[in-house]
Amino acid sequence: MRFKFPLMALALEVAMIILFGLFVQYETDQNIQHFNNSKSVASDRFLELYPLFQDVHVMIFVGFGFLMTFLKKYGFSSVGINLLIASLGLQWGTIAQGILHNSGQKIHIDITNMIKADFSTATVLISFGAVLGKTSPIQMLIMTIIEITVFAGNEYLVDEIFKASDIGASMTIHAFGAYFGLAVAGVLYRSGLRRGHDSEESVYHSDLFAMIGTLFLWMFWPSFNSAIADPGDKQYRAMVNTYFSLAACVLTTYAFSSLFEHRGKLNMVHIQNATLAGGVAVGTCADMVINPYGSMIIGSIAGIISVVGFKFLTPLFATKLRIQDTCGVHNLHGLPGVVGGLAGIVAVAMGASTTSTTDMQAAALGSSIGTAVVGGLITGLILKLPIWGQPPDQHCYDDSVYWEVPRWREHDNQFQEQGNHNQLEPEV
Amino acid sequence: MRFKFPLMALALEVAMIILFGLFVQYETDQNIQHFNNSKSVASDRFLELYPLFQDVHVMIFVGFGFLMTFLKKYGFSSVGINLLIASLGLQWGTIAQGILHNSGQKIHIDITNMIKADFSTATVLISFGAVLGKTSPIQMLIMTIIEITVFAGNEYLVDEIFKASDIGASMTIHAFGAYFGLAVAGVLYRSGLRRGHDSEESVYHSDLFAMIGTLFLWMFWPSFNSAIADPGDKQYRAMVNTYFSLAACVLTTYAFSSLFEHRGKLNMVHIQNATLAGGVAVGTCADMVINPYGSMIIGSIAGIISVVGFKFLTPLFATKLRIQDTCGVHNLHGLPGVVGGLAGIVAVAMGASTTSTTDMQAAALGSSIGTAVVGGLITGLILKLPIWGQPPDQHCYDDSVYWEVPRWREHDNQFQEQGNHNQLEPEV
Amino acid sequence: MRFKFPLMALALEVAMIILFGLFVQYETDQNIQHFNNSKSVASDRFLELYPLFQDVHVMIFVGFGFLMTFLKKYGFSSVGINLLIASLGLQWGTIAQGILHNSGQKIHIDITNMIKADFSTATVLISFGAVLGKTSPIQMLIMTIIEITVFAGNEYLVDEIFKASDIGASMTIHAFGAYFGLAVAGVLYRSGLRRGHDSEESVYHSDLFAMIGTLFLWMFWPSFNSAIADPGDKQYRAMVNTYFSLAACVLTTYAFSSLFEHRGKLNMVHIQNATLAGGVAVGTCADMVINPYGSMIIGSIAGIISVVGFKFLTPLFATKLRIQDTCGVHNLHGLPGVVGGLAGIVAVAMGASTTSTTDMQAAALGSSIGTAVVGGLITGLILKLPIWGQPPDQHCYDDSVYWEVPRWREHDNQFQEQGNHNQLEPEV
């Protein structure tokens, strides 16, 4: 960490400033002379969508950030590295998406660019969840740059070549981010953690912090799925469908959580995560004419599949596939993302959209998963190089490797009483 | 809990999907052919009110949810069962309110339906506060269905028959929810808890979590009171009046909290709750011409009455009336709701509204309290049946009855060191 | 505290109600007859800016409130006294700003008044950060009234006399609030705290609570800098520039935090505070044509300067200048505010604005710092009178002086096990 991390962060920021200097302009540069201080149609739309942008912004920084604070000793990294990834990612996402969609011309910043810049960071934050606690900040900077590049490429393919529908990005963000992260986690497999780790668990209050993240994601998901939808009926439907899909998903999540747990109790992991699967799964067809009851069916199924995933697939992944998925992103984003892609195919087949075909939708799903896995494997190989300050096994899931940490509570002598974690450092 | 809870949750969700399939349509179904992807007046209004809807949404899920996390061992249930109640409630509220107001026709979902669906859940969440810690999730599912049905009936009476004014729902939501909950709590009285309970208290951090709830309720209350107001001056006044009423309420709450406490100290219970009474009490006349100073007088009075209620009435209720009101909803919603109803009568008498009369306002207040008490008593009797998995006295206010709970902190062996609460379960 | 605090709070609220009765009206009083219930241009603009107002509102109450909860035993005061200050401040700010700008006429409340009322409280909340833990609630009520009066005077000077540009208030709010607070802290210097204090530190969870404040400030800062900008291009630019300035600031903050700390670790104090400096520093020229890369340069510099300030200046201030700045407001608001003022001069010199000159900008910066220091010194002298219930040195940074505090955790006997802090009280 000593110099590699600060120098890489500074170099990346300098690069961003240069790229912005070369490629990025205000949307209305040429209008400034003419319409100075007067309102234009563009600025009307800007102000109209700004509340949706801010909802998405809250999801990215508070939602994803706090959702991952469930680990008892990894809250600083969860919320702090989340902020770092997203801040770099939204700059690079502006460039990467802008260049592809503008074929060499200047990128003009409007509210849609800003929303899509935030979107692009979501892919990395999802993947971050898969490798949470087992990677260094430097590794996350590298993953941010690579993953957003691959994401922008796949999104261009889905949008411009396949011309598929994926308004809430079930495929291009959620499935993509999950499978990218799982591929990275697979390459970075640590046999030393195969029996688990003392720090890979929550305490009572860390689970409450995580619920802050869950709720802000849950509440603002209708904004996520509708923010870049066509104005009018499509945007309206995206909000309504997501609202009801999420509500239905909560009921089935609670039911199946209780059904699977010891003596019918509820499991916080399911409540924190599976309640959101309804937002993921309705994403692809959120703006289509699927009717409120249709979205509730999708949400109900997503909640069930997500709880099943947490209960049965995650342990299996860790032991059989040698993929250690810290946050269970496969159950929150991977499976529900695939469900979303499939729901999109069914909806298109049933005539809920007039602008896409089932072939195009299937191609989009395949390309999203395919590019994610390939991109993730390559990224994993790069991150495996033993020069990025990754934490040793025994110090995984522990903030004190990369952060100055205060006492655990008032009268403790140290963060962990019986240990000496305050003196931890990476082995580089 | 073993099967009753999951089966009831699943059955309710299936019922909701069927009801939505039968009765609910997009608002603009018939317009989709004509205006596909073009903006209509309806979708303009949708987007215009969407930020207010999201503010209300945050109040329901984060506001109510975290406000109740003040109990040291009941945070999972507070925020988790709050989410469950609201998710079921908004689906049933859509149906219950829609059918009454549309007399058999299809229900067309617009932004007002969604706001009112969220509103309808608030009644149950208020009542939930009265019985917090002493009921099971199954009981809360049942209460959700019954209470919203009664609420929709009373609201129809107030709106359509009495044609009374109650824009911020001081009477139909706050007073109604409080007296409904108190009636339920009265029927469910537990003499075993008459000397209090070890777990019925806060710890330092749980009080901070509760302040998250308080602040989001406090900040977004102007949106609550104005969300379904008539566009233009009325909506504007509802925002302005609520803003100033709440600010004034904070000053009197702090003053009286300090005045009543030992050595002039401040009491977190008052700060968390009574600061919000100004939003409740200005609700009925929020859109009337009461002037900013008028709303500040209402807010000031509400703060004082609420603190007085917490200090003197709540202990009296528990001992004399045998009503154990866990969160003191009588002081936050009951009394200030009645103050709001009375302020409405005074404001109408002084000519602040041209569309209502004092008689109509008085009838609305009476009907809201009357239906609440009757509905609450009946609900209480149903919930008293010993088949709903209610917790035994000694395990009240304890998440571990219904939740898998992690350790309390890093190096504890269990949630509660000296106990065996991890093994708790309901006596059913 | 026994009677002074409640009586002062009540007297202030009564005074506010009288002042509002005399001076404050609805914006559209004269229109109510004509346009009752119909939408006017004014109410359209009201609804359009209302989401920005709510973002600012969240920054004031959740942002500032939780940012200061980092101290392990001072969370109640941080978030509670923040609410008290802001609630009084927004009422007095409405009057103070309204009277100056309306020269004796009635004050008509529109959305801009409400945003500016919230803004005016920010100055006091910044100063509150400098004296956090060392003052009583009574002292904060007094500071609120004086500081907002001086602020309104300086703002009138900057806006109406100098006609300088300062859309995001780098000078009039951030630099002003910081230097006012530092002057107060200088006068109230406590030599008994020169070697620090056991309670002046965080614990693990209090740092996570503080991150809630950081993130809501960070996310909504584009709304702060654009809320009262001219509609159209200027407002658009204020949002875009602030968005990118903050993102760039995060990268340099992380880099320099790691560079300066022991073994390259990250320091939560920097992450909580310096990441926000980009929002402060871009404030003055946020609506000018500085281009996205220009705002990123400003943000990058602000992050670096802020971390440098925390590392080297704050210790120096405490020892050499005898100014104990609890939250380091000089590094978050003072220095970045001056950087913002200077950036404004440079931007105007480079032609980024056609409505201001460098002389006017320099005068605004000088007047903001000058009035802040003079106002702060006078306020400090008033607050030094030994009649306001200030806490003795040994009980600084401890909620239990002014609050009833619960146990620290489940099985503790008291807030602090080895102490008797529950019995603390001010020495008045």
*Which one is nearest to the other protein chains (Cβ to nearest Cβ) among residues in segment C:23-39 that are modelled with pLDDT under 85 and touching a His at 6+ places or on another chain (Cβ under 9 Å)?*
C:T28
_Looking at the structure I just gave you, is A:Y179 part of a helix (DSSP H, G or I) and within 14 Å of another protein chain (Cβ to nearest Cβ)?_
no
*Of all residues making up segment C:1-10, the number that are hydrophobic (A, V, I, L, M, F, W, C), part of a helix (DSSP H, G or I) and either open to solvent by 60 Å² or more (accessible area, probe 1.4 Å) or within 7 Å of another protein chain (Cβ to nearest Cβ) (or both)*: 4
*Could you say whether any residue in segment B:101-111 is part of a helix (DSSP H, G or I), closer than 16 Å to B:H57 by Cβ and over 17 Å from the mean Cα position of the chain (by Cα)?*
yes
*Looking only at segment A:274-300, and only at residues there that are surrounded by fewer than 24 Cβ atoms within 10 Å (Cβ to Cβ) and in a helix (DSSP H, G or I), the one that is modelled with the lowest pLDDT*: A:N291
*Counting only residues that are aliphatic (A, V, I, L, M) and touching a Ser or Thr at 6+ places or on another chain (Cβ under 7 Å), which one in segment A:41-65 is farthest from the other protein chains (Cβ to nearest Cβ)?*
A:V56
_Anything in segment C:160-174 that is surrounded by 23 or more Cβ atoms within 10 Å (Cβ to Cβ) and assigned to a helix (DSSP H, G or I)? List them, or say none._
C:S170, C:M171, C:T172, C:I173, C:H174
_Suppose we keep only residues that are more than 7 Å from chain B (Cβ to nearest Cβ) and surrounded by fewer than 24 Cβ atoms within 10 Å (Cβ to Cβ) within segment A:225-246. Which one would you say is nearest to A:F46 (Cα to Cα)?_
A:I228
*Some residue of segment C:350-359 being more than 14 Å from chain B (Cβ to nearest Cβ), among the small types (G, A, S) and assigned to a helix (DSSP H, G or I)*: no
*What are the residue pairs meeting all of these: first residue in segment C:378-399, first residue modelled with pLDDT of 95 or more, second residue surrounded by fewer than 14 Cβ atoms within 10 Å (Cβ to Cβ), Cβ atoms under 7 Å, and 6 or more apart or on different chains?*
C:P392/C:E427; C:D393/C:G192
*Looking only at segment C:319-339, which residues are touching a residue at least 24 places away in the same chain (Cβ under 8 Å) and either assigned to a loop (DSSP other than H, G, I, E, B) or surrounded by fewer than 19 Cβ atoms within 10 Å (Cβ to Cβ) (or both)?*
C:T319, C:L321, C:R322, C:I323, C:Q324, C:D325, C:T326, C:C327, C:G328
*Do any residues in segment A:275-287 that are among the acidic types (D, E) have Cβ atoms under 6 Å from those of residues that are outside any helix (DSSP H, G or I), where the two are at least six apart or on different chains, and which pairs are they?*
A:D287/A:I167; A:D287/A:A229
*Answer yes or no as to whether A:E147 is open to solvent by 30 Å² or more (accessible area, probe 1.4 Å), in a helix (DSSP H, G or I) and touching a residue at least 24 places away in the same chain (Cβ under 8 Å).*
no
_I'm told C:L157 meets every condition in (1) outside any helix (DSSP H, G or I); (2) in contact (Cβ under 8 Å) with a residue 12 or more places away in the chain; (3) more than 14 Å from chain B (Cβ to nearest Cβ); (4) open to solvent by 20 Å² or more (accessible area, probe 1.4 Å) except one. Can you identify the failing condition by its number?_
(1)
*Report whether or not C:S120 is buried (at least 24 other Cβ atoms within 10 Å of the Cβ) and not in a helix (DSSP H, G or I).*
no
_Test: residue in segment B:197-214 that is under 24 Å from B:A117 (Cα atoms) and more than 9 Å from chain C (Cβ to nearest Cβ)_ = yes
*Output yes when any residue across segment C:252-269 is of a type in the set (A, V, I, L, M), open to solvent by less than 10 Å² (accessible area, probe 1.4 Å), more than 29 Å from C:Y74 (Cα to Cα) and not in a loop (DSSP other than H, G, I, E, B), and no when none is.*
yes
*What do you reckon, is A:V187 surrounded by 21 or more Cβ atoms within 10 Å (Cβ to Cβ), more than 7 Å from every other protein chain (Cβ to nearest Cβ) and within 30 Å of A:G380 (Cα to Cα)?*
no
*Could you please let me know if B:R263 is farther than 23 Å from B:D166 by Cβ, within 7 Å of chain C (Cβ to nearest Cβ) and basic (K, R)?*
yes
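The values are calculated or read from the model by the stated rules, or taken from the named source; none is laboratory data. Since the model is a prediction, treat every value here as computed from it, not as a measurement. Please note: Cβ atoms are built from the backbone with ideal geometry, for glycine as well, and neighbour counts cover all protein chains shown. Note: areas computed on protein heavy atoms with side chains; ligands, DNA, RNA excluded. Shrake-Rupley method; radii C 1.70, N 1.55, O 1.52, S 1.80 Å.
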